[in-house]
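One structure is given below, encoded as structure tokens.
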Amino acid sequence: MNASQVIAAYERTGRYYFAGGVQSFVIDEGQGEAVVCIHGVPASAFLYRKVVRELAAKGLRRIAFDLPGLGLAERPVDFDYTWTGLGRFATAAVEALGLDRFHLVVHDVGGPVGFEVAAALPERVGSITVLNTLVEVDTFRRPWVMEPFAHRGLGELYLGVLNRPISRALMRFQGVADTTKLTKAEMDAYLMLLRREDGGKAFLKIMRGFELTKEKRDLYVAVLRSDRYPVQIVWGAADPTLKLRTHGERARLAAGLDEIHRLPGKHFLQEDQAPALAGRIAAFLRAARS
């Protein structure tokens, strides 16, 4: 199976819908409590395909949708690709999917996006699971693998030379600890989903739309400190991009938690730690009910 076939098979597991005037793609399956999984960059809902399968066996409604500009979603030229704009879309997606109450799972820049949702709809959030993300955004410095995308010209050049062998090498270095859990075709699918019809132009707008302000930091810390819902942090302990000892600890302190649940993965622990991650989410929801 090649990358195109991988994407075609994946596409058959979900459907298209509209939210906030943008067409996007969603995996929405099962009954029970809704778990909304929000991805970051350079990913899409494709990142959660294994996790939603694992959640299926645990009696949960599992939902993962593409943010505008990524995956199978539309890439409007005039869209607001800041965290505020993406958060506004994600909030509209929750409404479009008819979710009265839901649990959030957020990853990478899907953290700030999900925090925007929680700030807008705090009474409907059942819990938040934080995965390898950023909270204290006003002091955040992009890792070297992300920094070039933030600069005009350099970002376009970097994306232009990013071929399949380089993309696979980056995935092995920063994405997954156990590469036997991810085929070359699946790795290539990430690159195809990133570029699609616009060559990655919307992705570059997202990378240049980071709102690294104290105002956003205060908002996201307030979301994690809210007494309306429980919060847990689960981290890929070997993540070379958002490191456990720095970014993980900052997230823990911001949330006021005593511990981080560590998994033996890198940045995309959804790929090689899907059973353990789904188990951690399900156990957290069970504890929250009691």
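The values are calculated or read from the model by the stated rules, or taken from the named source; none is laboratory data. These figures come from a predicted structure and were not determined experimentally. Cβ atoms come from the backbone with ideal geometry, glycine included; neighbour counts cover every protein chain shown. Note: accessible area is taken over every heavy atom of the protein model, side chains too, but ligands, DNA and RNA are not part of it. Shrake-Rupley method; radii C 1.70, N 1.55, O 1.52, S 1.80 Å.
Worth pointing out:
- Scanning segment 1-27 for residues that are crowded, with 19+ Cβ neighbours inside 10 Å and of a type in the set (S, T, N, Q) returns a single hit, S24.
- Contacts under 7 angstrom Cβ, first residue in segment 253-277 being in contact (Cβ under 8 Å) with a residue 12 or more places away in the chain and on the phi > 0 side of the Ramachandran plot, partner surrounded by fewer than 17 Cβ atoms within 10 Å (Cβ to Cβ) and part of a helix (DSSP H, G or I), 6 or more apart: G256/R225
- Count of residues meeting criterion [surrounded by fewer than 22 Cβ atoms within 10 Å (Cβ to Cβ) and under 20 Å from the mean Cα position of the chain (by Cα)] in segment 28-48: 4
- Within segment 245-259, the set of residues being closer than 30 Å to T183 by Cβ and either within 15 Å of the chain's Cα centre (by Cα) or open to solvent by 20 Å² or more (accessible area, probe 1.4 Å) (or both) comprises H247 only.
- Among (1) over 23 Å from E259 (Cα atoms); (2) open to solvent by 40 Å² or more (accessible area, probe 1.4 Å); (3) within 18 Å of the chain's Cα centre (by Cα), the one test that V117 misses: (2)
- Listed by position, the strands (runs of 3 or more DSSP E) enclosed by segment 1-72 that each have at least 1 residues that are of a type in the set (K, R) and either over 25 Å from V135 (Cβ atoms) or at pLDDT 95 or above (or both) are 15-19, 61-65.
- Residue count, segment 166-212 (criterion: of a type in the set (G, A, S) and touching a Ser or Thr at 6+ places or on another chain (Cβ under 6 Å)): 1
- Residue within segment 193-209 that is surrounded by 15 or more Cβ atoms within 10 Å (Cβ to Cβ), in contact (Cβ under 8 Å) with a residue 40 or more places away in the chain, part of a helix (DSSP H, G or I) and in contact with a strand residue (DSSP E or B) (Cβ under 7 Å, 6 or more places away or on another chain) present: no
- For G155: the one exception among (1) at pLDDT 95 or above; (2) touching a Phe, Trp or Tyr at 6+ places or on another chain (Cβ under 8 Å): (1)
- Candidate set: segment 213-241, residues that are of a type outside the set (S, T, N, Q), out of contact with any Ser or Thr (no Cβ under 8 Å at 6 or more places or on another chain) and assigned to a loop (DSSP other than H, G, I, E, B); chosen: the one surrounded by the fewest Cβ atoms within 10 Å (Cβ to Cβ): D227
- Restricting segment 177-192 to residues that are of a type in the set (S, T, Y) and part of a helix (DSSP H, G or I) leaves a set whose member that is least open to solvent (accessible area, probe 1.4 Å) is Y190.
- When A276, A288 are screened for being among the hydrophobic types (A, V, I, L, M, F, W, C), open to solvent by 10 Å² or more (accessible area, probe 1.4 Å) and at pLDDT below 95, only A288 passes.
- The single condition from (1) under 19 Å from Y10 (Cα atoms); (2) surrounded by fewer than 18 Cβ atoms within 10 Å (Cβ to Cβ); (3) of a type in the set (D, E) that E95 fails is (1).
- Among the candidates R88, R142, residue that is under 30 Å from V221 (Cα atoms), among the charged types (D, E, K, R), modelled with pLDDT under 95 and surrounded by 15 or more Cβ atoms within 10 Å (Cβ to Cβ): R142
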